[in-house]
Amino acid sequence: MIRIVLVDDHPVVRSGLRAMLAGQPDFDLVGEAATGEEGVELAARLAPDVVLMDLQLGAGMHGSEATRRIVALDGPRVLVLTTFDTDADIVAAIESGATGYLLKDAPSEDLHAAVRSAATGAGALAPSVAARLLGRVRAPDATLSPRELEVLGHVAAGLSNRQISKVMFLSETTVKTHLAHIYTKLDVDSRTAAVAAASKRGLIRPP
């Protein structure tokens, strides 16, 4: 049996996923959580084989941080199941140790196959996610680094350079250097244009 924990902050979504998992003879849904904190606690206590993890979990712990903590338990595999396929979300999840990354509109058979793959330690990526990662490998100079994506995400949220430096524990000079690289890669000359271009390309979520 593949023991599964489901982490999603929307009850309706959890209900739908529960229904998608039901009827599979080798699946055992042993726990559900509405927050990243609860997900980490359940993973530590129940020792599931696979954790289905949403990324946006309200005001608490982000799904990528919950993923990092669960992976650190050295047991459960984390399969991200989310609505978003921006570079920022994908990179954060993969860097946190996620075994797979699926979108919530995936057919049930794809979800079942991904859960079984994750349980064995094999990766499972949605086609759009795989295409984005392949693009980053093929043209690394034209894509934003994880650090640059993080900086741009803070810019999109309206933070100043000084605020970004405090949040990311960087000097303001380093933040400005990251922004300069971002402008060059996106072929823009302002913060507003950078956010607009990155949103249009699917690198970050629109503000």
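Since every read-out is calculated from the coordinates, none of them should be taken as a lab result. Predicted model only: the values in this text are computed from it and were never measured. With ideal geometry, Cβ positions are generated from the backbone for all residues, glycine too; neighbour counts draw on all protein chains shown.
One table, with the values for the structure above:
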quantity	calculated
Debye intensity ratio in log₁₀ form over the Cα atoms of segment 71-191, taken at each q of 0.13, 0.21 Å⁻¹	-0.63, -1.12
Normalised convex hull volume, segment 77-126, alpha-carbon set, Å³ per residue	55 Å³
Mean Cβ neighbour count within 10 Å, used as a protection proxy, ranking 183-192, 106-115 highest first	106-115, 183-192
Pairs of alpha carbons in the chain whose separation is greater than 25 Å (percent)	40 percent
Mean-position separation - Cα centroids, segment 160-207 and segment 15-46, in angstrom	37 Å
Stokes-Einstein D in µm²/s, Kirkwood radius over Cα pairs - segment 129-198 at 10 °C with 1.306 mPa s viscosity	127 µm²/s
Estimated FRET transfer efficiency when R0 is 22 angstrom, pair S190-L103 (beta carbons, to 0.05)	0.10
Spin-label zone in segment 68-94 - amide nitrogen under 12 Å from a point set 7 Å from the Cα of A47 along the C-beta vector	74-76
Residues A180 and S160, FRET efficiency given R0 of 22 Å [Cβ-Cβ distance, rounded to 0.05]	0.85
Diffusion constant of segment 1-82 at 4 °C, which comes from Stokes-Einstein with the Kirkwood Cα-pair radius and 1.567 mPa s, µm²/s	106 µm²/s
Charge tally in the Cβ shell below 12 Å around E172, where Lys, Arg are +1 and Asp, Glu are -1, E172 excluded	+3
Most mobile listed residue (R45, R68, R147) in the chain, GNM with C-alpha springs under 10 Å	R45
